[in-house]
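Report on the structure given below.
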Amino acid sequence: MIYPTDLTDSQWQVIQQTLPAKIGQRKRKQSIRAIINGILYVVKGGISWRMMPHDLPDWRLVYYYFRQWASQGLVQQIHDQLVIKVRLQTGREASPSLGLIDSQSVKTMSVTTMKGYDGNKHLTGRKRFILVDVLGLVLALRVTSANVGERAGALLLFARLGQRFTRLKTILADQGFDGVNFLATIKATYQLSVEVVCGVLGVKGFQVLPKRWIVGRTFGWWAFHRRLAKDYEVKGAHAEAVIYWTMIRLMSRKIRETQS
């Protein structure tokens, strides 16, 4: 049976080009494409691994590769290569010059490790810190417990970013990331200029801030992938892997549409 989450031939071709020549040491009866289809079925549909349909590869095999690729960093490697592909095919430089940072707090399951209480959102769970480019593509990702503050989470996020994007110089942020000492630390440590974008004083209610809506749109994309509606993952690394697979699915479709 063909499912809506199954990779098309063009999508599979895009992802296949990012895979290393040899994945794993074990012999496989199931193809890597079928295994990825199983992962995407769970990510998009939001079901538990054990509830995967029987005509997909066995859930234990799919979950094995999900865990292995997350721990080995392979899923992030695939994701990061697709970010560059999408940017190049839209006529942009491989490295962006402008980024946008934000966070999202979500509830977790009772068995989840690494969780805390977010006093602003009044929930117990985890917090997703992301840095995106002007296309909404994720440049850096860090999942923490929800009690981690914006500035502390940003430091963890920039440490994860490293020096992968040499043209990146300016970061747009909201007031949660403000602070003289914090901004000076980011400038001195990572050579990044963080600009805090504020609303118009005296204007009540929601305001659309220049370019800040882009990072909100990325969170909106995630809302259509039910596995991200709540953090169901026991480990933080697996929570990040689900986000990477979500973006991989979205980007493989963008590249397909550009090529068609």
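The values are calculated or read from the model by the stated rules, or taken from the named source; none is laboratory data. Because the structure is predicted, anything quoted here is derived from the model rather than measured. The accessibility values were calculated without ligands, DNA or RNA, using every heavy atom of the protein model including side chains. Shrake-Rupley method; radii C 1.70, N 1.55, O 1.52, S 1.80 Å.
Observations, loosely collected:
- For segment 153-167, the Karplus equation 6.51 cos²θ - 1.76 cosθ + 1.60, evaluated at θ = phi - 60°, returns couplings of x, 5, 4, 5, 5, 5, 5, 5, 4, x, 10, 5, 10, 6, 7 Hz by residue, with Gly and Pro reported as x.
- From phi via Karplus (6.51, -1.76, 1.60), per-residue ³J(HN,Hα) for segment 42-56 in Hz, x at Gly/Pro: 5, 4, 6, x, x, 7, 7, 4, 5, 9, 4, x, 6, 8, 8
- Per residue, the solvent-accessible area of the chain (1.4 Å probe, heavy atoms of protein chains only, all protein chains present) comes to 51 Å².
- Volume per residue of the C-alpha convex hull in the chain, rounded to whole Å³: 144 Å³
- Derived scalar couplings ³J(HN,Hα) [segment 78-86; Karplus, 6.51 cos²θ - 1.76 cosθ + 1.60; whole Hz; x for Gly, Pro]: 4, 4, 5, 5, 5, 4, 5, 4, 5
- The chain: calculated mean residue ellipticity at 222 nm from DSSP helix runs of at least 4, using -39500 (n - 2.57): -13500 deg cm²/dmol
- Of Ser31, Ser95, Ser103, the one that fluctuates the most in a GNM where the chain has Cα springs shorter than 10 Å: Ser31
- Under 5 Å, built H, 5+ apart or other chain: amide partners of Ser105: Arg128
- Counting protein heavy atoms only, the chain has 53 percent of its accessible area on carbon and sulfur, 1.4 angstrom probe.
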